[in-house]
1. What order do you get for Glu246, Glu66 when you list them from fewest to most C-beta neighbours inside 10 Å?
2. Please name which of Ala101, Ile43, Phe18 has its Cα lying farthest along the dipole of region 12-128 towards the positive end, using unit charges on Cβ (Lys, Arg +1; Asp, Glu -1) and the Cα centre as origin.
3. Sorted from largest down, give the three principal axis spans of the alpha carbons of region 12-128, whole angstrom values.
4. Using θ = phi - 60° and the Karplus relation 6.51 cos²θ - 1.76 cosθ + 1.60, list the HN-Hα couplings for region 258-267 in order, rounded to whole Hz, with x at every Gly or Pro.
5. Could you pull out which residues in region 238-257 have an amide N less than 18 Å from a spot 7 Å beyond the Cα of Lys144, following the Cα-Cβ vector?
6. Skipping prolines and chain starts, which residues have an amide H placed within reach, meaning under 5 Å, of the one on Ile269, given they are 5 or more residues away or on another chain?
Amino acid sequence: MKLNNIPNDINVELLLSFFPPGTCKVSLGGLHKRNAYHDLVDIVETSDDTFELIVGRNSLYHILPEYMFHPFDRFEGLSEVSEAENFQKEFDAQKEETEKAKRFFAPLDLMLLLLRVRIREQLNVYADTDKIIIDMLGDRMSEKQKQNRFIRHFIPLLPHCKNIRGNKTALTMLLRKVFLDENLRIELRRTEYEFTDHVPRYRESLSSDLTSLYVGNVFNEHVTTYIIHFWSEMECNENFPKFLEEVEELRVFIQDYFIAIDETILFEIKKDEECLYLSDQNKYNYLNYNTNLSL
């Protein structure tokens, strides 16, 4: 079989991941092949509609000492009479011993190769999902944050945080989608808050750099505020304190990864008043919505 459509430098584990089980065999030809060839030396089509991959790698046979399988003095002391014939005979005997030894170690070689194939497949999954980048960017996240139902929606977006950071439109759309999945709604509000700096940056000398100098320790700053609306029944729900904790964890996470360094984000919880019912028995009749009055 020609290798015209297969890259010469392809990794064998990668190639095997595309073959259905039982459709190909692997023959390890030894490292000496790799000096002149790539990892994949050749593909041979067999008579039973399968393929044999000739690979330039060592099997366990090649790693072990040669004298375990072959006499180290096999070609010494050959009779000068019919020397060529005797040499060919010994050569054929050694070749047969080699094939038997390779067949003996073939199950172990295949097991190790399939293990490397599974590792390669797992690496492909990591690469396809940016898992490595996500783990690197999220290495400071606690296990509690990773289990947060709101934060879990944002973890796959960590590789794109540089594109989302500072983009309020994109962030607002993402937050609305996340809270909508939890049957909540949010609205965006930009509010000016008064902050107190408990460690004011005073200068001892007016000759110092004035760029970081301000008078007093109170200053005003615009803050992006997201108001989360909920029904008042949640007040009595035992899970409500946990909900507040999860929202605060989300705020810290968003501040760290998706908010510009000179801005601040806040979440406010707003209670929506319940609809006024005309009857305890017919809760679908709402005042000012589909009111039905009988005279």
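Read-outs throughout are calculated quantities, based only on the coordinates presented, and are distinct from any laboratory measurement. Every value quoted in this text rests on a predicted model; they were computed, and no experiment measured them. Don't worry about glycine lacking a Cβ; one is built from the backbone with ideal geometry, like all the others, and counts go over all protein chains shown.
1. Glu66, Glu246
2. Value: Phe18.
3. 65, 31, 27
4. Once θ is set to phi - 60°, the couplings for region 258-267 become 10, 10, 4, 5, 9, 10, 10, 10, 10, 10 Hz.
5. Only 239-256 pass the distance filter.
6. Ile228
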